[in-house]
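The values are calculated or read from the model by the stated rules, or taken from the named source; none is laboratory data. Note that the structure is a prediction, hence the values are computed from the model and not measured. With ideal geometry, Cβ positions are generated from the backbone for all residues, glycine too; neighbour counts draw on all protein chains shown.
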Amino acid sequence: MRLSNYLIPTLRDTPKEAQIVSHRYMLRAGMIQQASAGIYSWLPMGYRVLRKIEQIVREEQDAAGAQEVLMPTIQSADLWRESGRYDDYGKEMLRIQDRHERDMLYGPTNEELITDIFRTHVKSYRALPLNLYHIQWKFRDEVRPRFGIMRGREFLMKDAYSFDVDYEGAVRAYNKMFVAYLKTYARMGLRAIPMAADSGPIGGDMSHEFVILAETGESEVYCHKDWLEVDVLSQDIDINGDLQPVVDSFLSRYAATDEKHDPATCPVPEGDLIATRGIEVGHIFYFGTKYSEPLNARVTGPDGKDVPVHSGSYGVGVSRLVGGIIEASHDDRGIIWPESVAPFLVGLVNIKVGDDACTGVCEDLYRGFNNAGVECLYDDRDERTGAKLADMDLIGLPWQVIVGPRGVKNGVVEVKNRRTGETEEMSPEAVLSRFSG
Ligand code: P5A
């Protein structure tokens, strides 16, 4: 992609309304545009990141055996009356009437709708276990939408729903999602800590929030300092194996949200306890038969008797993660994208656009990257060098390839690692083979 032709409205100055770093950088890097309070349009670069995150989430859900579906954003109020949540949900639910004066709503979550799909099609325990998920926009009319997409009113969530014939099956499903979540966040370069949590309006008695530590987070959290050493990706965990010991070993390290933490009973010595703030990037729930009983989602068990299914639901804040990753990975010049979610792997900077030799090298590199399938953003704009380099740092692509007249004369270009700041001079051919490999 050529920057001269890319819609990326970068800003030099810090927008006044943005109170936290991720919101500031998302606006300054031209990733999003507010449409109304808590509702955003995703501009090309922001949308690329959102799709990368979505894809990692999807791959880990698929690997855990969940099946992807797509449910609508608009739901009928009737189902929510059946479950009893229509009145309980309160003002956060956006209620709409269609032209026939039928009550509809913009879904804040999908427990009812998925249970309706389940009860229509599944009648026997033989079809279980079943886990269905979708990645779809939600609407919650939050009293205080803030921090950009972090607490939006419209936001993208991955929500999965498991169905099992009994409690033991449901715990296996819960453990699978627990481990899939740890892997998902680790692939994005995040350390998300599972914390005992309240279940709120979703309900149920077993629930964990996945929280990344950040001073700008909305919740107060507490955890053992050992959590800072945990490296999920280096562990060879078989998602289809017996996960109870794995989950138990993760949970053996203390971690709790403010609502669950009690200094009087906390087992961690003061020197080992981290008290800080965090961003909730996921939340999983086991709620048993809370929805299957009122909605009559029953299956025939092995003994021929009808039983209500045991369920859980599992949410990832897909759009919130874009902000969460920036909170966890930036410096005072801008964003530092982990490669797995970066909008482009390489930023190619032509320092001297009027110089035929520089432009020749850049065009060759750009063609080479495209042919090799390396995602490259090519800054071919006729701008001041300082401004171009500042923009590249702000946008935060993992690698910069900087092409200037002095280097080109000697047959080399500069390769800069955005995270470490380290630079290396290489021939254009070496650059191509390094990134195409
Ligand atoms: C689990 C899946 C649920 O809704 N039902 C379906 C359950 N859980 S939750 O905790 O309420 O939300 C799941 C995740 O969605 C993100 N999230 C938000 N992101 C941006 N703006 C919001 N207003 C918002 N509300 C929730 C969080 O990451 C949360 O963990």
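Some points to look at:
- Scanning segment 28-51 for residues that are surrounded by fewer than 21 Cβ atoms within 10 Å (Cβ to Cβ), under 17 Å from the mean Cα position of the chain (by Cα) and assigned to a helix (DSSP H, G or I) yields Y47, R48, R51.
- Strands (runs of 3 or more DSSP E) contained entirely in segment 100-190, each with at least 3 residues that are under 25 Å from M206 (Cα atoms) and among the hydrophobic types (A, V, I, L, M, F, W, C): 130-139, 154-164
- Selection count, segment 393-420, where residues are more than 31 Å from the chain's Cα centre (by Cα) and assigned to a loop (DSSP other than H, G, I, E, B): 4
- Just one of (1) without any contact (Cβ under 8 Å) to a residue 60 or more places away in the chain; (2) touching a helix residue (DSSP H, G or I) at 6+ places or on another chain (Cβ under 9 Å); (3) within 16 Å of the ligand (Cβ to nearest atom) fails for D258. It is (2).
- Within segment 250-302, the set of residues being hydrophobic (A, V, I, L, M, F, W, C) and outside any strand (DSSP E or B) comprises F250, L251, A264, C266, V268, L295, A297.
- Checked against (1) touching a Leu at 6+ places or on another chain (Cβ under 6 Å); (2) within 11 Å of the ligand (Cβ to nearest atom); (3) β-branched (V, I, T), V165 passes all but a single condition, namely (2).
- Within segment 109-160, considering residues that are more than 8 Å from the ligand (Cβ to nearest atom) and β-branched (V, I, T), the one nearest to I326 (Cα to Cα): I135
- For segment 76-107, a residue qualifies if it is free of Cβ contacts under 8 Å to residues at least 40 places away in the same chain and surrounded by 19 or more Cβ atoms within 10 Å (Cβ to Cβ), and the qualifying residues are W80, L105, Y106, G107.
Yes/no matrix, rows are residues, columns are (1) over 17 Å from S207 (Cα atoms); (2) at pLDDT 95 or above:
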| position | (1), (2) |
| --- | --- |
| D242 | yes, yes |
| V247 | no, yes |
| K260 | no, no |
| P263 | yes, no |
| T289 | no, yes |
| N296 | yes, yes |
| G301 | yes, yes |
| S313 | no, yes |
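- One residue from Y314, Y286 being in contact with a Phe, Trp or Tyr (Cβ under 6 Å, 6 or more places away or on another chain) and within 16 Å of the ligand (Cβ to nearest atom): Y286
- Only one entry of Q97, Q67 meets the criterion of being under 30 Å from F344 (Cα atoms) and either touching a strand residue (DSSP E or B) at 6+ places or on another chain (Cβ under 7 Å) or of a type outside the set (D, E) (or both), and that entry is Q67.
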